[in-house]
Structures are given as C-alpha cells and as structure tokens.
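Single-structure report; data block below.
The values are calculated or read from the model by the stated rules, or taken from the named source; none is laboratory data. Keep in mind it's a predicted model, so treat the numbers as computed, not measured. Note that we place each Cβ from the backbone using ideal geometry, even for glycine, and neighbour counts take in every protein chain shown. We work out accessible area using only protein heavy atoms, side chains counted, and drop any ligands, DNA or RNA first. Shrake-Rupley method; radii C 1.70, N 1.55, O 1.52, S 1.80 Å.
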Amino acid sequence: MMLRMVTPASAIASLVTLLPFFLVSSVHSFSSPSPTYNKIASATSILSPITGEPTSLLQPNSNDDAPITNKKTLVVFLPQLGEFDSFEYCEQLHAAQPALQSNGIDLKLVGIGDATSAQRFCSFTGIDIRSLSLDPTARLYQDLELYPGPAFSLPNRDIVSDDLLKFVLKSLPGAVPETTEELRPVATAWWNYLAMCAGIGAPGTLREILRGYFGDVAGPERFGDEDVAGPER
C-alpha cells in the first residue's frame, strides 16, 4: 500500500534530495550554547502543523507534566514527510515516548512538508502532532548544513525534453508539477534522490537496502511478539 504525502512542489527541488539520515540533538540551556543550539533556538522557518504559525522547537510540549526546569529536548530532523525511513524511525520513537517523558525529555520532530502531510504522517506513525513541526522550505536544514545529496543536474532541453520529464514524473509520487517553472527542478530532485537510492553519493545505502530485503539474523529484533505494525485503530 502506498501512502501519498503532499509537499509543496516548489520546495521539492531542494528537499527531496535530503539524505534519509537524522540529526539528533539534545538541547537545553548552557552557559555557553553551541552554534547548533543557537541555530535551532533562533530558527524562524519552523511552523506548527496545527496553526500554521511560527513555533519554537525549544518550547516545552503542552502534553507533558514534567517540571520545565528539568526539561531536555530531543530534536530529530526528518527528511520529507512520507519518506520511508521517516516512518520506520518514528515508529520506534513513538514506542520510546513514554520512556522519554518519564525522564523529562521532550521529543520534537521536524519534517519537510505541509499541514496535510503532517496529519497523514502522524495518523500513520502514531506520533502526537503536537510533537511535530514543519520546515516547508528546509531553511533550518540548510542552516545546519545537512547533506542535501549529490547535486546532479539534468542535461539541457536539447538532450532531455520537458515532454520526457513529464512522462517519467507521471509514474512517481507527486505526479507532474502544475507549472513549467517547477518541472525541471522537481525532475532534478527526483534524479538525485533515485541516484542516492542506488548508492551514488550515499555510501552504505545499497547495503541497507539489501539488508532490508534479505534480513539480518545478527540484527536486533525490531518488533516484539505482541507488536502491531501500522497506525493505531
């Protein structure tokens, strides 16, 4: 079953190609905060998926009764909402949330997408939407210098026509962009993303893909006997 997520087409060019790896930061008040902490604390591109208004990643969750003075915040940067690694990672984070809360640790997730994708993402993974924030243009990702992918460019129109790109994009999630201006940026993003899936500019990817298909008898168990994979009913 495919779950289609909605992401602004104009943002896909710089967003789809973000590696499906996660920057995890435990951030709280220090006498001399790190540059990463300062960038996260001062970010202005982060939006609430509930209100659409700017929000702070360091604002304590309203659904947790632990004293604010004892709080720490675990900030997890996800790729585009709907990307499969985001699902798998957040299923594990969802299972760990009670332990995080009991230890006074707020879970803050940042994803690339819009309010619709946020609702679907949380419905599927079980993550509380109050723990999720959006960075629609990936501005903070860029400020933190997260790896954007190999940055390959498409050949010019004389070699790869717009009609050919439209034909290819019809078979991919998100379909064909509505405007001509977005066509080649979106196609370029998919080109980079698929290249990384093939291990180009993304060391270790093929190994993990093969491990997913064929299994790993030496790896830890992902699910207990009573676990149910998928959204809560």
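Brief remarks follow.
- Residue match in segment 20-30 (condition: among the β-branched types (Val, Ile, Thr) and at pLDDT below 85): yes
- Scanning segment 180-213 for residues that are open to solvent by 50 Å² or more (accessible area, probe 1.4 Å) and basic (Lys, Arg) yields a count of 2.
- Single match in 102, 117, 123, 133 (criterion: loosely packed, with under 14 Cβ neighbours inside 10 Å and in contact (Cβ under 8 Å) with a residue 40 or more places away in the chain): 123
- One residue alone among 151, 138 is surrounded by fewer than 15 Cβ atoms within 10 Å (Cβ to Cβ) and modelled with pLDDT under 90, and that residue is 151.
- The residues on offer are 206, 146, 140, 132, and the sole one that is in contact with a Ser or Thr (Cβ under 8 Å, 6 or more places away or on another chain) and either among the β-branched types (Val, Ile, Thr) or under 30 Å from residue 74 (Cβ atoms) (or both) is 140.
- Verdict on residue 58 being modelled with pLDDT under 85, in contact with a His (Cβ under 9 Å, 6 or more places away or on another chain), part of a loop (DSSP other than H, G, I, E, B) and open to solvent by less than 50 Å² (accessible area, probe 1.4 Å): yes
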